[in-house]
1. Taking the conditions exactly as written (part of a loop (DSSP other than H, G, I, E, B) and either hydrophobic (A, V, I, L, M, F, W, C) or within 30 Å of residue 79 (Cα to Cα) (or both)), does residue 179 satisfy them or not?
2. Please determine, by comparing only the residues of the stretch 16-43 that are aliphatic (A, V, I, L, M) and crowded, with 16+ Cβ neighbours inside 10 Å, which one is modelled with the highest pLDDT.
3. So which of 92, 84, 123 is surrounded by 17 or more Cβ atoms within 10 Å (Cβ to Cβ) and over 16 Å from residue 180 (Cα atoms)?
4. Looking at residue 199 and the list (1) within 20 Å of residue 114 (Cβ to Cβ); (2) of a type in the set (S, T, N, Q); (3) at pLDDT below 95; (4) surrounded by 22 or more Cβ atoms within 10 Å (Cβ to Cβ), which single condition is not satisfied?
Amino acid sequence: MRFFAALGALAAAAVCASAQAVRQPWLPVALFGYPSADFNYLYQAIAAHPEINFEIIVNPSGGPGNVNKTELPDINWQNTILKLKSYPNTVLVGYSRTKWTYGNRNATQNQIEIAQYNRWGILRPDLALDGVFLDDCPWQEELLPAWQDFGDRIHAGTGWRKEGPWFNSPSYRNGLSYWNPGSPTSPGFYGPADRIMTQEVSYDYAPLEWVFRAPNAPREKQAVLNYYQGSYDANLARRVANNMVGTNLGSYSLHAIGKDYMYNVIGSAFPSAVDLVAKSFQYYNDPNNLYSGCGQYRF
């Protein structure tokens, strides 16, 4: 994934939610490592917070694996998917890397991977995912036609999940089409996409007094992912959680990943980071708490 620490489209000042309820939190989680004991931190957070929906990006092998075939993931990934789906507050999308960063892929490979993820649910309905996460997307309007095709293919799939938070959400379309340019994108991309990750950045670099707002973009379709490596600063994470919840975006996350390579592990601080989001959400939705200003500790 690409990481953008400073973006010209960031607002010049933080934009806080007014004194009214904010949306139920949806948290993107990049699950790129092989199933291990570290996943227990994720299970712990999911079980502790039924009020939060977790958008989990599963990545068995830089994609579904077994490209040009129709096999299911290996038994450990199958068991992981089944366990994740046993919780009522999870959404699962399959990872597919596009060519726009590395240049060594073509659209056919992504089409194959979209079909392969969809086929999991045809071969084994209990392994059905909610859709596909397309990584390293472009943001230029002239590249939209190819991406319209990806969106159409995802939405046309017959093997996607027909239960769970995405299926029951007001924004539901068959096949969750989730894209990650990691930066502001042309408004036209919000038609074929159901969710666009408009910022992906380390939380210690994230502008704390500025809240990201992509121009002319539906806020409920935007996602933000803040990650950390190394030493975990709870006060800084709390401040970021307040700002992210206050933007009232579609989804946002403090992704506590530990010291390993990006997203390969779920760090031990992940449940604490999710606790911060939950506390901020609770505070924003308490009618007795009237707040002003931004970037302040509110709980």
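The values are calculated or read from the model by the stated rules, or taken from the named source; none is laboratory data. Small disclaimer: the values here were computed from a predicted structure and weren't measured. Cβ atoms come from the backbone with ideal geometry, glycine included; neighbour counts cover every protein chain shown.
1. Values: part of a loop (DSSP other than H, G, I, E, B): no; either hydrophobic (A, V, I, L, M, F, W, C) or within 30 Å of residue 79 (Cα to Cα) (or both): yes.
It is false that residue 179 is part of a loop (DSSP other than H, G, I, E, B) and either hydrophobic (A, V, I, L, M, F, W, C) or within 30 Å of residue 79 (Cα to Cα) (or both).
2. 42
3. Every option except 84 fails the conditions.
4. (1)
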